[in-house]
Structure formats: C-alpha cells, structure tokens
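Single-structure report; data block below.
Laboratory data are not the source of any read-out in this text; all were calculated from the coordinates shown. Just so it is clear, the model here is predicted, and its values are computed rather than measured. So basically every Cβ, Gly included, is an ideal-geometry build from the backbone, and we count neighbours across all protein chains shown.
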Amino acid sequence: MMAFLEISDLRKSYGEHEVLRGIDLSVEQHQVICLIGASGSGKSTLLRCVNALEPIDGGRVTLDGEVVSGAGVDVDLLRRDVGMVFQSYNLFPHMSVLDNVTLAPVKLGGLSKAQAAEKGMALLERVGLADKAKAFPDRLSGGQQQRVAIVRTLAMEPRVLLLDEITAALDPELVAEVLGIVRQLAQEGLTMLLATHEMSFAKEVADKVCFLHQGSLLEQGPPSQIFTDPVEERTRMFLKSIIAAGRL
C-alpha cells in the first residue's frame with residue numbers, strides 16, 4: 001500500500017553533477033521526518049524537488065496516491081497541498097505582517113480579504129505575534145520573521161509542510177522560539193519533512209530520521225536507532241563529528 005507521501009527513485013542533476021541519486025522515501029500521514037547530513041548532501045534539493053521548485057530528472061513523487069511530479073502537474077495546486085518554509089524568510093518587505101500572511105489565501109485560496117484577515121490574525125495569535133500584525137518585516141527579529149514565514153505557509157492549510165533549515169539563519173537565542181512552533185505542529189499531527197542541523201530537536205520530534213550522504217539516502221530509521229546504533233560507518237562518522245561539536 002502506497003504511503004501518504006511517496007518519493008520513488010528520485011534523481012536530480014545539475015549538468016554532470018548528480019545531486020540526488022535515486023532517493024526512495026515513504027512518509028505516512030501525521031509523521032515527522034527529519035533529514036540530516038552534511039551541507040551539500042542533497043537535503044534542500046530533495047525538499048525543493050518535492051515542492052516542484054526544482055524539476056526532477058527521474059523518478060516520481062506521489063501525494064495521497066496522485067502523481068505530483070513531472071510534466072503536466074498543476075504547480076499552484078501542488079503548493080497549496082505541500083507548503084514550504086525556507087531558511088531565508090522571504091517575506092515581502094513592503095507589506096505588513098498581516099498582508100504577508102493573507103496574500104496567498106486571497107490570491108490563490110479564494111478567500112475574501114476579511115476572511116483571510118480573520119484567519120491570519122488567529123494564526124498570528126497562535127504564535128504570539130498578533131501585536132505585530134501591522135508591523136513591517138524589518139521591524140521584527142529574525143525569530144519573529146521566521147514565525148511569520150511559518151504562519152504564512154500555514155494560512156494555506158497545507159497537507160504536508162516542508163521545512164528547509166529554518167533555524168540556520170537565526171542567532172542561537174532565537175532558535176528555541178521557532179522550534180517551539182514546529183514542536184507544536186508535530187504534536188498536532190501535521191505531516192512534516194524537515195532538513196535540519198538541530199540534532200537534539202530531530203531526536204525529540206522525529207518519527208523517522210534519514211541520513212543523506214552525497215545525494216543518497218544512506219540510512220533511515222527511528223531516532224533511537226539512528227542516533228544510538230547507526231548501521232552505516234558514514235552515519236557513525238557524521239554523528240561523531242556532531243557530538244564533538246557539542247550539537248547532540
């Protein structure tokens with residue numbers, strides 16, 4: 001039986017450089033999957049391929065039994081179902097926080113401005129930013145901007161949320177406030193696929209951890225197995241370097 005989100009033999013190259021080498025990954029509904037690995041291992045490219053920000057060269061992606069990759073896919077419809085949050089917040093600097101949040105629900109979701117505003121305010125309240133609704137992004141901290149970016153994606157009610165190193169650009173003291181939102185979403189059962197260097201967080205929230213190395217999904221399993229008894233030597237070497245750096 002096919003998983004809720006199924007990635008099958010996914011391949012991606014830039015010229016002669018093969019970035020993804022036949023990735024196979026099954027994600028069940030309500031699961032949290034953490035992608036770990038060194039920079040350049042293919043984590044971000046994998047997420048971008050799932051969201052059709054990058055065209056794939058081989059394989060396929062299915063969501064709830066429907067193919068959502070390749071020619072002929074309705075990209076706008078896909079991105080309603082599969083939302084993505086980036087490490088650089090990508091907020092529109094000339095628009096207020098609330099306008100950033102309500103733009104897509106009005107333009108793509110068919111909501112009236114009043115409906116979108118009501119929904120947007122409820123989401124901002126949920127992450128503790130209702131008082132910043134009229135502020136512009138440059139008046140917010142990095143952590144606040146990233147929380148707004150998450151809210152903007154949630155406003156489209158995605159069935160799957162992709163998170164690409166969303167704490168990488170934050171000062172250490174701001175990381176906790178953003179991870180707190182992700183932790184809450186995990187507890188609420190939102191299906192998530194996230195690339196992260198926050199190993200302790202992955203150990204806490206993930207249902208499955210996937211270690212990528214040079215474009216291959218080298219090892220996957222529950223956090224208890226990956227972080228304490230990995231099978232692959234390369235996984236052990238990676239985790240040893242993480243522990244030496246004090247990040248696990």
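Going Cα to Cα from residue 240, which lysines come in below 16 Å? Please leave out same-chain ones fewer than 8 positions away.
Correct list for residue 240: 203.
Does the stretch 97-170 classify as rounded, prolate or oblate by the C-alpha gyration tensor (a ≥ b ≥ c root eigenvalues; a/c under 1.5 gives rounded; else a/b over b/c gives prolate, otherwise oblate)?
In terms of gyration-tensor shape, oblate.
Taking the Cβ-Cβ separation of residue 184 and residue 118 as r and a Förster radius of 22 Å, what is the calculated FRET efficiency to the nearest 0.05?
It comes out at approximately 0.60.
When Lys and Arg each count +1 and Asp and Glu each count -1, what net charge do the other residues less than 15 Å away from residue 231, Cβ to Cβ, add up to?
Taking every Cβ under 15 Å from that of residue 231, the sum is 0.
By how many nm would the segment from residue 232 to residue 60 grow when fully extended, if each residue of separation counts as 0.36 nm and the alpha-carbon distance is taken off?
Extra length available between residue 232 and residue 60 comes to 59.3 nm.
Kirkwood Rh and Cα-based Rg: tell me the resulting Rg over Rh for the stretch 70-120, rounded to two decimals.
So for the stretch 70-120, dividing Rg by the Kirkwood Rh gives 1.02.
R0 = 45 Å: FRET efficiency of residue 134 with residue 73, Cβ-based, nearest 0.05?
That pair, residue 134 with residue 73, gives E of 0.75.
Quick check: from the Cα gyration tensor, does the stretch 1-88 come out rounded (a/c under 1.5), prolate or oblate?
In terms of gyration-tensor shape, rounded.
Once R0 is set to 22 Å, what does the formula 1/(1 + (r/R0)^6) return for the Cβ-Cβ distance between residue 108 and residue 53, expressed as a FRET efficiency to the nearest 0.05?
Efficiency for this residue pair is about 0.85.
I need the Debye-formula profile for the stretch 19-62: one equal scatterer per C-alpha, no solvent, reported as log10 I(q)/I(0) at q = 0.30 1/Å, two decimals.
So the normalised log intensities are -1.36.
Let me know the shape class of the chain, please: from the alpha-carbon gyration tensor, a ≥ b ≥ c as square roots of the eigenvalues, rounded when a/c is under 1.5, otherwise prolate if a/b is greater than b/c, or oblate.
Since a/c reaches 1.5 but b/c is at least a/b, the shape of the chain is classed as oblate.
First select every other residue whose beta carbon is under 13 angstrom from the beta carbon of residue 137; then total the charges, Lys and Arg +1, Asp and Glu -1.
Net charge around residue 137: +3.
Hey, which aspartates and glutamates would be in cross-link range of residue 43, C-alpha to C-alpha under 12 Å, not counting anything within fewer than 8 residues on its own chain?
Reachable aspartates and glutamates: 164, 165.
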